[in-house]
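The values are calculated or read from the model by the stated rules, or taken from the named source; none is laboratory data. Predicted model only: the values in this text are computed from it and were never measured. Because the Cβ atoms are built from the backbone with ideal geometry, glycine has one as well, and the counts that use them run over all protein chains shown. Ligands, DNA and RNA are stripped out before the accessible areas are found, and what is left, the full protein with its side chains, is counted by its heavy atoms. Shrake-Rupley method; radii C 1.70, N 1.55, O 1.52, S 1.80 Å.
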Amino acid sequence: MNIKNLIKSLAAADGLKLKDIAEEYSRRTNRELSPANLSNRLGRDSLKYSEAELIAEIMGYEIEWKKKH
């Protein structure tokens with residue numbers, strides 16, 4: 001699963017839309033991020049790790065790294 005599908009499926013499960021995420025992202029960073037821009041960046045896999053962390057936080061998630069066994 002790519003990042004776009006992951007974020008969209010988690011958001012849908014929680015009743016969020018990309019619009020909600022983009023608005024909160026803009027509010028927290030003081031940088032305008034439209035839903036279309038967010039969707040395009042997710043589709044191109046051009047999201048920075050720090051941006052992915054903030055989006056996860058906005059959605060109520062955290063990114064966790066686990067060592068493979």
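For Leu16, all conditions in the list (1) without any contact (Cβ under 8 Å) to a residue 12 or more places away in the chain; (2) part of a loop (DSSP other than H, G, I, E, B) hold save one; what is the number of the exception?
Here Leu16 clears every test but (1).
Could you check segment 42-69 and list, in sequence order, the residues that are closer than 18 Å to Gly15 by Cα, open to solvent by 80 Å² or more (accessible area, probe 1.4 Å) and assigned to a helix (DSSP H, G or I)?
Across segment 42-69, the qualifying residue is only Glu57.
What number of residues within segment 19-41 are outside any helix (DSSP H, G or I), in contact with a helix residue (DSSP H, G or I) (Cβ under 9 Å, 6 or more places away or on another chain) and open to solvent by 80 Å² or more (accessible area, probe 1.4 Å)?
Number of matching residues: 2.
Which numbered condition in (1) part of a loop (DSSP other than H, G, I, E, B); (2) free of Cβ contacts under 8 Å to residues at least 24 places away in the same chain is the only one that Leu6 fails?
Unmet condition: (1).
Hey, could you check segment 2-11 for residues that are closer than 14 Å to Ile58 by Cα and either buried (at least 17 other Cβ atoms within 10 Å of the Cβ) or at pLDDT below 95 (or both) and say which is nearest to the chain's Cα centre (by Cα)?
Ranking the candidates gives Ile7 first.
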